[in-house]
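Chemist: This is the structure I have questions about; it appears just below.
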């Protein structure tokens, strides 16, 4: 009887880690997609007028926008691989924090609040870890 309880408890633990790996994998795909999308839009200048106006309002010029776009594309690649997963998420969180700080500096509290879930995403991903890491 005790062995059945132990086996069931072990399966629950394994199932829990399995679910966490699935969630981590989904978050990686979302992050990579958003990073590639925003990076591509920034490099090709296919941004909506509202986005361009927001960037100018934050004091982000063309050169800074290109740098942020290149970093975004790099983050998209980095989160896909276990070796660069942490660094990619760290860069992503830093860029989001920078946008939040610039928004607060200009008095755009709504934008700063909107960015909070996007700041939490890399933190949760770091906590969950890469699903393909040992």
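The values are calculated or read from the model by the stated rules, or taken from the named source; none is laboratory data. Since this is a predicted model, take the numbers as computed values, not measurements. Cβ atoms come from the backbone with ideal geometry, glycine included; neighbour counts cover every protein chain shown.
Chemist: Determine which member of the set 87, 101, 112 is over 28 Å from residue 17 (Cβ atoms), more than 10 Å from the chain's Cα centre (by Cα) and either at pLDDT 95 or above or loosely packed, with under 15 Cβ neighbours inside 10 Å (or both).
Modeler: 101
Chemist: Please specify each residue of the stretch 52-64 satisfying the condition of being in a helix (DSSP H, G or I) and over 19 Å from residue 119 (Cα atoms).
Modeler: Hits for the stretch 52-64 are 52, 53, 56, 57, 62, 63, 64.
Chemist: If you scan the stretch 98-109, which residues turn out to be in a helix (DSSP H, G or I) and within 17 Å of residue 60 (Cβ to Cβ)?
Modeler: Answer for the stretch 98-109, where residues must be in a helix (DSSP H, G or I) and within 17 Å of residue 60 (Cβ to Cβ): 98, 99, 100, 101, 102, 103, 104, 105.
Chemist: Please work out which one of (1) modelled with pLDDT of 80 or more; (2) in contact with a helix residue (DSSP H, G or I) (Cβ under 9 Å, 6 or more places away or on another chain) is the condition residue 48 fails and give its number.
Modeler: In the conditions (1) modelled with pLDDT of 80 or more; (2) in contact with a helix residue (DSSP H, G or I) (Cβ under 9 Å, 6 or more places away or on another chain), residue 48 misses (1) alone.
Chemist: Mind listing whichever residues of the stretch 125-134 are touching a residue at least 40 places away in the same chain (Cβ under 8 Å) and loosely packed, with under 13 Cβ neighbours inside 10 Å?
Modeler: 133
Chemist: Moving on to the next point. Here are some conditions: (1) more than 27 Å from residue 21 (Cβ to Cβ); (2) not in a loop (DSSP other than H, G, I, E, B). Residue 123 meets all but one. Which one does it not meet?
Modeler: So residue 123 meets the others, but not (1).
Chemist: Sort out which residues of the stretch 42-73 are loosely packed, with under 11 Cβ neighbours inside 10 Å and either touching a residue at least 40 places away in the same chain (Cβ under 8 Å) or in contact with a strand residue (DSSP E or B) (Cβ under 9 Å, 6 or more places away or on another chain) (or both), and write them in order of number.
Modeler: 59
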